[in-house]
1. Tally Lys/Arg at +1 and Asp/Glu at -1 over every other residue whose Cβ is under 10 Å from the Cβ of Asp108; what's the total?
2. Note down the nm distance, to one decimal, between modelled labels 7 Å out along Cα→Cβ at Lys120 and at Asn22.
3. Grab the other residues whose beta carbon is less than 15 angstrom from that of Lys21, score K and R as +1, D and E as -1, and report the net.
4. Say each of Glu79 and Ala139 gets a label point 7 Å from the Cα, pointing the same way as Cα to Cβ; how far apart are those two points in nm?
Amino acid sequence: IWGWNNIVAVDAGGLHTVGLKNDGKVVAVSSRKEAGQCNVSEWDDIVAISAGYQHTVGLKQDGTVTAVGNNKDGRCNVENWTDIVMISAGSWHTVGLKSDGTVVAVGDNEHSQCAVKRWKNIVSIGAGAFHTAWRVRPAAARRKSRLPPAALSAHRTAPRRALGSTAFPPGTWPGRTA
């Protein structure tokens, strides 16, 4: 985007584009800002960003999360999240991966996209329009490793080489059933 400098990460949402600067600040642009998804100018200490449909989510250095934008379905209700290492904003929901390999989610749950309470040993997450995807660390790797269950780095990012399988829980991908 013209005029953006020192950008280390970008993400595109339904109606906006977000950039993470190397100093932990965030910039955003959109032709339609009425939902507030671009109100990120006061953010600092951000290490990861994710843009959903009319909302933006930022992961802070201390493992907490901030969000702005359309909160009609509760997709921005992340103020109590702690110990988060990865975030993903879907269309109407937001997902966070905790350092212990468990997952938290807020927002619309019409298609069970926020039904994550029993997920364990997760190493990566992704939020889509009507589903949430995850990657599980294999049991053999969990037994042999001295790393924590989620095998995440100290920099609060996903591992560079994640092991395991990717799956969609039954009923969470539209048109597919168990």
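Since every read-out is calculated from the coordinates, none of them should be taken as a lab result. Note that the structure is a prediction, hence the values are computed from the model and not measured. A quick note on method: Cβ atoms are made from the backbone with ideal geometry, for glycine too, and the neighbour counts reach across all protein chains shown.
1. So the environment of Asp108 carries a net charge of 0.
2. 4.3
3. Taking every Cβ under 15 Å from that of Lys21, the sum is -3.
4. Here the modelled spin labels are 4.2 nm apart.
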